[in-house]
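Trainee: Would you mind keeping the following structure in view while I ask a few things?
The values are calculated or read from the model by the stated rules, or taken from the named source; none is laboratory data. The structure presented is a predicted model; accordingly, all values stated were derived computationally and were not measured. With ideal geometry, Cβ positions are generated from the backbone for all residues, glycine too; neighbour counts draw on all protein chains shown. The area values use the complete protein model at the heavy-atom level, side chains included, leaving out ligands, DNA and RNA. Shrake-Rupley method; radii C 1.70, N 1.55, O 1.52, S 1.80 Å.
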Amino acid sequence: MRTRQAISLCRGALAPALWLIAGLLVAAPEAAAQLAPTHRIVARLDSGWRPASRTFAGTRMFTAHQEQGQFEADYELKDGGVVDGGISFRLWRNLGIGFDVSRFRTIHGARIASEVPHPFFFDLPRRTTGRAGGLERQELGFHIRALWVSQFADWLVVSVSAGPSIISAKQDLVTTVQHTEVGFPFSDLVFSGHTVSAQSETTTGLNGGVDIDSFFLHRLPFLRRFAAMERIGVGLLARYVRGVVTLQVDGQPIEVDLGGLQITSGVRFRF
């Protein structure tokens, strides 16, 4: 089910991008020197994908048989879908400011390696490996962007932006592990399960990106008679967001990287 949803999301993001490429090919000969922007407000609604994957790890200590044991969970964060939207205002000449909101979600797993104390002998830990699946990561980002807007023609606008971000993250973390004893002489045991808790935290970060907007739809023969089409276009946004948050599990900190490269496309409205 998740695979079908991911494919559907990719198709939804790909269609506006193809429209944008088509518009660039059709109208490219008319693009000349950079012009002063003619619009003051642009609103957009995008969907897309965060293609990069990353890992982070957390180690937890526990007590068993009057001795200290531990397990390490290596989290394998995968790519996932992004929904992104916002509005920007041109303040003076090519300078502007934008306010965006983005949401990222993915389901991933973690590899677990444990050292469990022996019930009879000290300093003789048993080692096991296992896997936790179905872990969820969510990120809700609020981005402020300072923009430099370049209008190369009445249908082609490119903006470069950067600024601070506020990122609210929610992450499933493995809190405990369970094992089954094989039997005498208790030299082996089998990983049998785990428990998970969702941890949330908010932090600040940075964002930077490039947005290419094309307003060529009013040039198409079957849309020329609609005056409103001059204000509607399609765009492609490549944005990188960077943030770091420290999550706590029973007082034990785990440092988690947030953000990454995201590529989205969608509809643009200019006023």
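Trainee: Tell me the residue from ARG90, ARG105 that is part of a strand (DSSP E or B), open to solvent by 80 Å² or more (accessible area, probe 1.4 Å), touching a strand residue (DSSP E or B) at 6+ places or on another chain (Cβ under 9 Å) and of a type outside the set (A, V, I, L, M), please.
Mentor: Among ARG90, ARG105, only ARG105 is part of a strand (DSSP E or B), open to solvent by 80 Å² or more (accessible area, probe 1.4 Å), touching a strand residue (DSSP E or B) at 6+ places or on another chain (Cβ under 9 Å) and of a type outside the set (A, V, I, L, M).
Trainee: Here's a follow-up. Taking segment 232-246 as the region of interest, how many residues are buried (at least 19 other Cβ atoms within 10 Å of the Cβ) and over 17 Å from SER159 (Cα atoms)?
Mentor: 2
Trainee: Of all residues in segment 50-86 being among the hydrophobic types (A, V, I, L, M, F, W, C) and open to solvent by 60 Å² or more (accessible area, probe 1.4 Å), which is nearest to PHE271 (Cα to Cα)?
Mentor: Out of the qualifying residues, it is VAL83.
Trainee: OK, next. Return the pairs, sorted by first residue and then second, in which the second residue is among the basic types (Lys, Arg) and part of a strand (DSSP E or B), the first residue lies in segment 179-205 and is without any contact (Cβ under 8 Å) to a residue 60 or more places away in the chain and open to solvent by 50 Å² or more (accessible area, probe 1.4 Å), the beta carbons are less than 9 Å apart, and the residues are 6+ apart or on different chains.
Mentor: So the pair list comes out as SER200/LYS170; GLU201/LYS170.
Trainee: I've got another one for you. Kindly check whether there is at least one residue in segment 147-167 that is in contact (Cβ under 8 Å) with a residue 24 or more places away in the chain, touching a His at 6+ places or on another chain (Cβ under 6 Å), under 30 Å from LEU237 (Cβ atoms) and polar (S, T, N, Q).
Mentor: Scanning segment 147-167 turns up at least one residue that is in contact (Cβ under 8 Å) with a residue 24 or more places away in the chain, touching a His at 6+ places or on another chain (Cβ under 6 Å), under 30 Å from LEU237 (Cβ atoms) and polar (S, T, N, Q).
Trainee: Could you go through segment 145-152 and let me know if any residue there is hydroxyl-bearing (Ser, Thr, Tyr) and surrounded by 14 or more Cβ atoms within 10 Å (Cβ to Cβ).
Mentor: Yes, the conditions are met somewhere in segment 145-152.
Trainee: For PHE142, state whether it is of a type outside the set (Val, Ile, Thr), open to solvent by 80 Å² or more (accessible area, probe 1.4 Å), in contact (Cβ under 8 Å) with a residue 12 or more places away in the chain and closer than 29 Å to SER161 by Cβ.
Mentor: Yes: the conditions hold for PHE142.
Trainee: Restricting to segment 216-251, what's the tally of residues that are at pLDDT below 90, in a strand (DSSP E or B) and either within 26 Å of GLN262 (Cβ to Cβ) or out of contact with any strand residue (DSSP E or B) (no Cβ under 6 Å at 6 or more places or on another chain) (or both)?
Mentor: Residues flagged as at pLDDT below 90, in a strand (DSSP E or B) and either within 26 Å of GLN262 (Cβ to Cβ) or out of contact with any strand residue (DSSP E or B) (no Cβ under 6 Å at 6 or more places or on another chain) (or both) within segment 216-251 amount to 1.
Trainee: Among (1) surrounded by 15 or more Cβ atoms within 10 Å (Cβ to Cβ); (2) over 21 Å from SER102 (Cβ atoms), where does SER265 come up short?
Mentor: (2)
Trainee: Of all the residues that make up segment 252-271, how many are farther than 22 Å from GLU136 by Cα and part of a strand (DSSP E or B)?
Mentor: Counting residues in segment 252-271 that are farther than 22 Å from GLU136 by Cα and part of a strand (DSSP E or B) gives 6.
Trainee: Restricting attention to segment 153-178, and to residues there that are open to solvent by less than 20 Å² (accessible area, probe 1.4 Å) and closer than 21 Å to ALA198 by Cβ, which single residue is farthest from the chain's Cα centre (by Cα)?
Mentor: VAL174
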